[in-house]
Amino acid sequence: MAYHILVHLLLAASILTPTFGRLCTCPSQLRGNAYDYIIVGAGTAGNVIAARLAESGHNDILVLEAGVSNEGVLAAQVPFLAPTLTPSMPNLPSICYDAHASGSDTPYDWNYTVVPQTHLNGRTFPFGRGRMLGGSSSVNYLAHQYGSSEDYDRLARITGDSGWAWRNMRRYIDRHEKFVPPVDGHDTTGQYIPSLHSTRGILPKSLPGFSHAIDSRVIATTQELSAEFPFNPDTGGGNVLGLGWTQSSIGGGTRSSSATTYLNSVINRRNVDVLLNAQVTKLVHTGKISGKPSFRGVQFASGPQAPTTNVFARKEVVVSAGSFGTAQILQLSGIGDHTELTSKSITTIVNNPSVGKNMSDHVLLSNNWLVRGTESLDNLLRDPVVFAAALDQWQASKTGPLANGLPNHLGFFRLPKNAPIFTTTPDPASGPTASHWELLVSNFWVNPSLPQPDTGNYLTLSVALISPTSRGTLKLASSNPFQAPLIDPNFLATDFDRYTMREAVRAIKRFTGANAWSDYIIGPVGDLAAQTDEGIDAYVRSFSTTVSHPVGTASMSPRNAAWGVVDPELRLKGAEGVRVVDASVWPFVPNAHTQGPVYLVAERAASIIRGY
């Protein structure tokens, strides 16, 4: 098909790296081998740190990025094409996935898979992580909120640092976000609370910029079933409970990432170098300071057969390689569990068994219903002519269905107070106004585990486990830094997690039982029709996967605690010269799609480092 050829050429061309500012593609282009700060990873958090440390002009910054540039990557600009950037949605129709065979590796992702999941029928599946400028902020599905205020208050209690409490952290919203009108210019009255947001920050975000025919049905359901599914006028201001309009990292119909915002704000400064294709292989031990091992050196290479290069930080190394990359780099550097490191023939320099442990994530289950009429967007995903017209519209005006993310509505909900599970399991939520599970509403077929049928129109209600009690691990497969680590989220290992997913499935069936859907929904697809506990549990085990929100592998803990990887100021415990700033420092997964909480953590980290 003509569209196949067009998109293949566009995305193939996007792999070529443009030259702008101090964007370097080989070590010989660097200004030297010593900088004030070296930032490992140009991802969500790393680019915040780079921008904030560079903006004064007093610090010399090097950012090392293992992947490619985001510049010119069409799918990293068009919001609706986000699922084509990673293998996490391997069953998209070929009309969307023409840059590479459906389900195959992509040049913009680390292409990780999880180890067989014991409680998901031994299944393994992709786990998307961005490998380009912007990291996962360049490949995620763009939902942008900060979580429950109780997440931050809980973080303050765990760490013993009141600076992480919501009353302090909310001020960083003003620096971070730039709330802009949706690209379609519709009246947003009642769809968010302006006083909770900022228009002065750096990253554009907005409400949905393309109306779906089912939007009115969703709102009608919140009115009819208000006791169970209340309307939330703003899920992005610290109060998450209820269903509301999705806020996304989109401005003017185009993705906003840490690369298009934070990094772009400083990339042309003389005090910033960014090196692409620079995969960090380890932190370099540079001796001892005050009795602690110092790691002010970083070793990197462009590939397994390429020579390694060492660079050194005069002040600090900031590791922002994400929940998987950070834990892997620390262990490769001799920082981790002594027994595990020894088994991989790695000399232990800092014995810290917490490295790579305590991983938690949001489990995802997409649920599909067959519907009447043609209100869904399924034809957009099947018909090359329709899709090409939508792409033309986006390229001409940045409007239309491709200017949107996947759900126009999402919300967070709690189990009933009298749920039987609470007789055996303490409530794991961050607090009484934090959630247990999430609902996302999409006007077309969305399912990482099942391909879109050739015919029919569909409604998708995806549920996510928000307060999991299961914990997983990130371990080295070997001492080879170019071998993917062993990722074991250990999904649904606890009674609470299995119970919550079962009850979430039952809840969304009640949601679709509202009168608003009576003339629209025909029926559930496949095993979603199960009614018994055993049947629903089997369905959940067969089709659950990940939302790709891993945290906890370098958890923050009190300064003198024997557990944890970093202290409340994000300094690596037992070492000197290193901080960790990314999702890995969250000791638990927050009530949000994690880019928002990571941005706020990074903003505070930059303030701590700069001393203001």
* **Lone unmet requirement of (1) at pLDDT below 90; (2) part of a helix (DSSP H, G or I) for Pro83** => (1)
* Asked: Does region 1-21 contain at least one residue that is of a type in the set (A, V, I, L, M, F, W, C), open to solvent by 50 Å² or more (accessible area, probe 1.4 Å) and either in contact with a Leu (Cβ under 7 Å, 6 or more places away or on another chain) or modelled with pLDDT of 95 or more (or both)?
  -> yes
* Asked: In region 557-605, what residues are in contact with a Ser or Thr (Cβ under 8 Å, 6 or more places away or on another chain) and in a helix (DSSP H, G or I)?
  -> Ala583, Ser584, Val585, Gln595, Val598, Tyr599, Ala602
* Asked: Here are Pro233, Pro208, Pro194, Pro182: which of them is surrounded by 21 or more Cβ atoms within 10 Å (Cβ to Cβ) and under 21 Å from Gly147 (Cβ atoms)?
  -> Pro208
* Return yes or no: is Asp151 assigned to a helix (DSSP H, G or I) and among the acidic types (Asp, Glu)? => yes
* Structure fact -> Just one listed residue, out of Thr326, Thr347, Thr342, is part of a helix (DSSP H, G or I) and open to solvent by 50 Å² or more (accessible area, probe 1.4 Å), and it is Thr342
* Among residues belonging to region 93-117 that are assigned to a loop (DSSP other than H, G, I, E, B) and open to solvent by less than 30 Å² (accessible area, probe 1.4 Å), point out the one that is modelled with the highest pLDDT. => Tyr108
* Asked: Name the residues in region 317-348 that are polar (S, T, N, Q) and under 16 Å from Gly564 (Cα atoms), would you?
  -> Ser323, Thr326, Gln328, Gln331
* Structure fact -> The number of residues in region 480-506 that are surrounded by 21 or more Cβ atoms within 10 Å (Cβ to Cβ), of a type in the set (A, V, I, L, M) and out of contact with any helix residue (DSSP H, G or I) (no Cβ under 8 Å at 6 or more places or on another chain) is 1
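For every residue, the table says whether it meets (1) surrounded by 23 or more Cβ atoms within 10 Å (Cβ to Cβ); (2) within 25 Å of Phe229 (Cβ to Cβ); (3) in contact with a Leu (Cβ under 8 Å, 6 or more places away or on another chain).
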residue	(1), (2), (3)
Arg382	no, no, no
Ala390	no, no, yes
Ser397	no, no, no
Gly405	yes, yes, yes
Arg414	no, yes, yes
Pro420	no, yes, no
Pro426	no, no, no
Pro432	no, yes, no
Glu438	yes, yes, yes
* **Cβ-Cβ under 8 Å pairs, at least 6 apart or on other chains, region 50-77 side under 19 Å from Ser256 (Cα atoms), far side of a type in the set (Lys, Arg)** => Arg52/Arg610; Gly67/Arg131; Val68/Arg131; Ala76/Arg255; Gln77/Arg255
* Asked: Looking at region 212-231, is at least one residue assigned to a strand (DSSP E or B) and touching a Lys or Arg at 6+ places or on another chain (Cβ under 6 Å)?
  -> no
* **Residue identified as closer than 26 Å to Pro233 by Cβ, within 29 Å of the chain's Cα centre (by Cα) and among the small types (Gly, Ala, Ser) among Gly411, Gly356** => Gly411
* To do: Please enumerate the residues belonging to region 596-612 that are modelled with pLDDT of 95 or more and among the aromatic types (Phe, Trp, Tyr).
  => Tyr599
* Consider Val318 carefully, then state whether it is closer than 24 Å to Ala605 by Cα, open to solvent by less than 10 Å² (accessible area, probe 1.4 Å) and not in a loop (DSSP other than H, G, I, E, B). => yes
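Let's see how each residue does on (1) over 30 Å from Met89 (Cβ atoms); (2) open to solvent by 10 Å² or more (accessible area, probe 1.4 Å); (3) under 25 Å from the mean Cα position of the chain (by Cα); (4) modelled with pLDDT of 95 or more:
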| residue | (1), (2), (3), (4) |
| --- | --- |
| Trp517 | no, no, no, yes |
| Gly535 | no, yes, no, yes |
| Phe543 | no, yes, yes, yes |
| Ala554 | no, no, yes, yes |
* Answer yes or no as to whether Ser69 is at pLDDT 95 or above and either surrounded by fewer than 18 Cβ atoms within 10 Å (Cβ to Cβ) or among the acidic types (Asp, Glu) (or both). => no
* Regarding Leu365, is this residue open to solvent by 10 Å² or more (accessible area, probe 1.4 Å) and under 30 Å from the mean Cα position of the chain (by Cα)? -> no
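For every residue, the table says whether it meets (1) outside any strand (DSSP E or B); (2) more than 30 Å from Pro384 (Cβ to Cβ); (3) hydroxyl-bearing (Ser, Thr, Tyr).
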{"site": "Asn447", "(1), (2), (3)": "yes, no, no"}
{"site": "Pro451", "(1), (2), (3)": "yes, no, no"}
{"site": "Thr460", "(1), (2), (3)": "no, no, yes"}
{"site": "Val463", "(1), (2), (3)": "no, yes, no"}
{"site": "Ser478", "(1), (2), (3)": "yes, yes, yes"}
{"site": "Phe482", "(1), (2), (3)": "yes, yes, no"}
* Asked: Quick one: is Asn271 in contact with a Cys (Cβ under 9 Å, 6 or more places away or on another chain) and either at pLDDT 95 or above or buried (at least 19 other Cβ atoms within 10 Å of the Cβ) (or both)?
  -> no
* **Whichever residue in region 274-303 is closer than 25 Å to Trp110 by Cα and over 27 Å from the mean Cα position of the chain (by Cα) and, among such residues, is most open to solvent (accessible area, probe 1.4 Å)** => Val284
* To do: Select from region 72-92 the residues that are open to solvent by 20 Å² or more (accessible area, probe 1.4 Å) and in contact with a strand residue (DSSP E or B) (Cβ under 8 Å, 6 or more places away or on another chain) and write down the one among them that is farthest from Arg269 (Cα to Cα).
  => Pro90
* Return only the number of the condition from (1) surrounded by 18 or more Cβ atoms within 10 Å (Cβ to Cβ); (2) within 26 Å of Lys315 (Cα to Cα) that Arg559 does not satisfy. => (1)
* Taking interchain pairs and intrachain pairs at least six residues apart, which have beta carbon atoms under 8 angstrom, with the first residue in region 390-418 and farther than 30 Å from Thr221 by Cα and the second among the polar types (S, T, N, Q) and in a loop (DSSP other than H, G, I, E, B)? -> Gln393/Thr399
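The values are calculated or read from the model by the stated rules, or taken from the named source; none is laboratory data. No experiment lies behind these values; they were computed from the predicted model shown. Please note: Cβ atoms are built from the backbone with ideal geometry, for glycine as well, and neighbour counts cover all protein chains shown. Areas reflect the complete protein model, heavy atoms only, side chains present, ligands, DNA and RNA absent. Shrake-Rupley method; radii C 1.70, N 1.55, O 1.52, S 1.80 Å.
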